[in-house]
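See below for the structure under consideration.
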Amino acid sequence: GKTALYVGMTNDLYSRMVEHYQKRGNKKTYAGRYYCNNLLYFERYGNPDHAIEREKEIKKWSRMKKESLIGSKNPNWDFYDIKDL
C-alpha cells in the first residue's frame with residue numbers, strides 16, 4: 001500500500017512529479033522503491049534556501065508530526081492532480 005511519506009524540494013513541482021511517476025518501482029531511489037508518486041502536501045517558497053531549510057526541518061520530524069502537517073491542509077489526504085499545479 002501507499003505507506004511511505006517522501007519529503008523533497010524542487011524548483012519545478014510538475015516535472016518532479018512526472019519524474020517520480022516514471023521511476024516508480026526503481027529500487028535504486030527511495031521514491032521509486034516506495035512508489036512515492038502521489039502528492040499530498042506542498043509549500044511554495046520564493047527563496048530556494050528557505051525551501052531547503054524547510055525540507056531539512058520536516059525530514060527530522062516524526063511520522064505523526066508529518067501526518068498532522070498534511071492533515072492541516074489536506075484533511076482527507078486527497079492526491080493532488082499534477083495537471084492542476
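Within region 72-84, is even one residue touching a strand residue (DSSP E or B) at 6+ places or on another chain (Cβ under 8 Å) and exposed (fewer than 13 other Cβ atoms within 10 Å of the Cβ)?
Yes - at least one qualifying residue is present in region 72-84.
State the number of residues belonging to region 24-76 that are in contact (Cβ under 8 Å) with a residue 12 or more places away in the chain, touching a helix residue (DSSP H, G or I) at 6+ places or on another chain (Cβ under 7 Å) and not hydrophobic (A, V, I, L, M, F, W, C).
Selection size over region 24-76: 4.
It is to be established whether one or more residues within region 50-67 are among the basic types (Lys, Arg), touching a Lys or Arg at 6+ places or on another chain (Cβ under 7 Å) and open to solvent by 90 Å² or more (accessible area, probe 1.4 Å).
Checked region 50-67: no residue is among the basic types (Lys, Arg), touching a Lys or Arg at 6+ places or on another chain (Cβ under 7 Å) and open to solvent by 90 Å² or more (accessible area, probe 1.4 Å).
Regarding region 59-72, can at least one residue be identified that is of a type outside the set (Phe, Trp, Tyr) and closer than 11 Å to Met9 by Cβ?
Within region 59-72 (the criterion being of a type outside the set (Phe, Trp, Tyr) and closer than 11 Å to Met9 by Cβ), the answer is yes, since at least one residue qualifies.
Being under 17 Å from Lys83 (Cα atoms), of a type in the set (Phe, Trp, Tyr) and open to solvent by 60 Å² or more (accessible area, probe 1.4 Å) is true for just one of Tyr41, Tyr14. Which residue is that?
One residue alone meets the criteria, Tyr14.
The values are calculated or read from the model by the stated rules, or taken from the named source; none is laboratory data. This structure is a prediction, so every number in the text was calculated from the model and none was measured. Note that we place each Cβ from the backbone using ideal geometry, even for glycine, and neighbour counts take in every protein chain shown. Note: areas computed on protein heavy atoms with side chains; ligands, DNA, RNA excluded. Shrake-Rupley method; radii C 1.70, N 1.55, O 1.52, S 1.80 Å.
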